[in-house]
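Here is the structure we will look at.
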């Protein structure tokens, strides 16, 4: 029996991004210099590199927030490099689940309503308002259950911890069943315990088959992923598997024990 071939979710070939910095176009900043990057279904990849390496530029192109100057980017079978604005909007809504450092939740909207938001933009729902409204709530509720917030659906962001708010953001990213989740420094605003919780959740989702691309500058977070690519001066200089992958759930248990001992010593 032959092994089942995995689907290529991301195929980037010779991606270049140049910015013209003056009126005469004489000053050129080459943010990306011919990057080749491929990711299969079910991968969990960290994108790393120092400031100015091209991480943010690559993330913007991966997220269809920007187009390359040259090269091709095929996402889940769709060639995006020359897509129209409407196609870009469709891809961002249907194919990519975004998770940001700052959560980006609507303050006066419940967790359930925040997760529902991406579903309002599905074009096929326009003429089925009642049935689709029920379907939206059911799908949003299921996504919140999946991230462990089934008992917090009616809470507003101000009533949730930072880790819980990021869980809502992850549920929102998953609700459209995207081709991959794109996480930009997703634990940057969280303490150690909440960081381990979120990395544990990402590992659980990845174990269930979710493809995750995470941009980070922290090596201690990258060890929870399966593969690390490193950018420098706009080029991909390293692409390696994580050989000694850590388990975030186990590390969280150990952190809680250490934290409890420290609390006892200072009490």
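Nothing in this text is a laboratory measurement; each read-out follows from the coordinates by a stated rule. Quick caveat, the model's predicted, so the values are computed rather than measured. Please note: Cβ atoms are built from the backbone with ideal geometry, for glycine as well, and neighbour counts cover all protein chains shown.
Some notes on this structure:
- Our helix-only sum for the chain, with -39,500 (n - 2.57) per DSSP H run of n ≥ 4 divided by its residues, gives a mean residue ellipticity at 222 nm of -11000 deg cm²/dmol.
- Applying 0.36 nm per residue to the separation of residue 207 and residue 155 and subtracting their alpha-carbon distance, the gain on full extension is 15.9 nm.
- With neighbours defined as other Cβ atoms within 10 Å of a residue's Cβ, the residues 214, 59 order from fewest to most as 59, 214.
- Taking 0.36 nm per residue of separation and subtracting the Cα-Cα distance, full extension of the segment from residue 138 to residue 51 would add 27.2 nm.
- Separation in nanometres of the label points that stand 7 Å from Cα toward Cβ, at residue 250 and residue 24: 6.2
- For region 39-194, the square roots a ≥ b ≥ c of the C-alpha gyration tensor eigenvalues yield an a/c of 1.5 or more together with a/b not exceeding b/c, which makes the shape oblate.
- For 217, 259, order by how many other beta-carbon atoms lie within 10 Å, fewest first: 259, 217
- Radius, Kirkwood style, for region 1-111 when every pair of distinct Cα atoms is counted (Å): 16.0
- Peptides 188-195, 175-182 ranked from most to least packed by the mean count of surrounding Cβ atoms within 10 Å: 175-182, 188-195.
- Model label sites at residue 78 and residue 226, defined 7 Å from Cα along the beta-carbon direction, differ in position by 2.4 nm.
- Computed FRET value (nearest 0.05) for residue 117 with residue 8, which takes r as the C-beta separation and R₀ as 25 Å: 0.30
- Sorting the segments 103-111, 37-45 by their residues' average number of neighbouring beta-carbon atoms within 10 angstrom, most packed first, yields 37-45, 103-111.
- Alpha-carbon centroids, region 144-217 and region 9-59: separation in whole Å: 25
- Globularity index of the chain, i.e. its alpha-carbon radius of gyration over 2.2 N^0.38 Å: 1.08
- Exposure proxy for 100, 120: other Cβ atoms within 10 Å of each Cβ, ordered fewest to most, give 120, 100.
- Modelled spin-label separation between residue 233 and residue 109, with each label point placed 7 Å from Cα along the Cα-to-Cβ direction: 4.4 nm.
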